[in-house]
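All remarks here apply to the structure that follows.
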Amino acid sequence: LSYATCNILRTGIVCVGAKLSAAQILALGWTTVPAAACSVGAGVTIIPMLAARFGLAPRLGALLACGTSICGVTAISAVAPAIAATQAEVAIAVANVVAFGSVGMLVYPHVAAALFPPSDSRAIGLFLGLAVHDTAQVMGCAASYAEQYSDAAVVGAAAVAKLTRNVFLAAVVPLMAVRHAAGATGGVTAKTFAAAVPAFVGGFLAMAAVRTFGDAQLANGGSALFAFDSAQWKGGADWLGAVLGTKVLLSTGLAAVGLSVNFAAFHGAGLAPFAVGAAGASVVGGVGLSVALLMVSLAPAVPA
């Protein structure tokens, strides 16, 4: 269990970097970047403040912030080793993401139907992609809207918004590592900055940089890493990040975390983490809703 919660989990985090590419965001729609930045920025700023107000450990506040703001369980898995979070803190954060992400998945399609013009698939998809926690929950939420309101275009728009949020993981993991080090040592100097960011986080960023470089080469008419065509590169990178990294290694690591947890910790934690999780979900969802409604007012959809 110790090997799985450490080595396997960290290897999975490095592999997940292969899913993240700045080139994908530019290709899919760069206008989602400031919208996602607002949503993620609000979450990673406000949720740790709420956690501190409720007397939660800073590590748990960081996990709740990243899981709620970026990409659910994957973000929690990536951040936890970087800030030396305990297994109980990881389990509590995962429980929050599953619970409140599931609530959003059920409720937000109806909110979107009530507040947005039915012709504006882009804004509806942006809202769903920014407001719901985990990638699988976002896609389920968008599919539910598409089924109930006969608008398949929402699924693609939600996927773009969620992918954009996910890319922010590359910046937030080292940020949280540095924050944790600053809290532990009283500050981070230029000399200690590198030590504050674990080696596996560097591997994660390097993997994302390689993916971005390869995508950029393809976009310019070349071969990825001078060797792979588009199908080979995308298929290999998606397998490394989505299958090996997420479904195999991260799932194995999180299962080991679950088996290692003393569930008496849930009783000791009380309701405070879930109150913070609910408030954080409301903040991120509210910002996503506000940004999407602003888009409707500034650039109304043109009926087909």
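Accessible surface comparison of ILE46, ILE8, ILE13, probe 1.4 Å, protein chains only, largest first: the order is ILE46, ILE8, ILE13. With R₀ fixed at 45 Å, the C-beta to C-beta distance from SER282 to ALA206 puts the FRET efficiency at about 0.80. Just to confirm my numbers, what's the Cα centroid distance between the range 200-242 and the range 166-182 in Å? Centre-to-centre (Cα) distance: 22 Å. Under the simplified labelling scheme, the PHE226-SER119 pair shows an inter-label distance of 5.2 nm, with each label point 7 Å from Cα along Cα→Cβ. SER102 label point, 7 Å along Cα→Cβ, cut-off 15 Å on backbone N: hits in the range 64-87? Backbone N within reach: 73. On the basis of the beta-carbon distance and an R0 of 41 Å, ALA84 and VAL33 show a calculated FRET efficiency of 0.85.
The values are calculated or read from the model by the stated rules, or taken from the named source; none is laboratory data. All of these numbers come straight from a predicted model, not from anything done at the bench. Don't worry about glycine lacking a Cβ; one is built from the backbone with ideal geometry, like all the others, and counts go over all protein chains shown. For the accessible areas, the whole protein counts, side chains as well, though only heavy atoms, and no ligand, DNA or RNA atoms are used. Shrake-Rupley method; radii C 1.70, N 1.55, O 1.52, S 1.80 Å.
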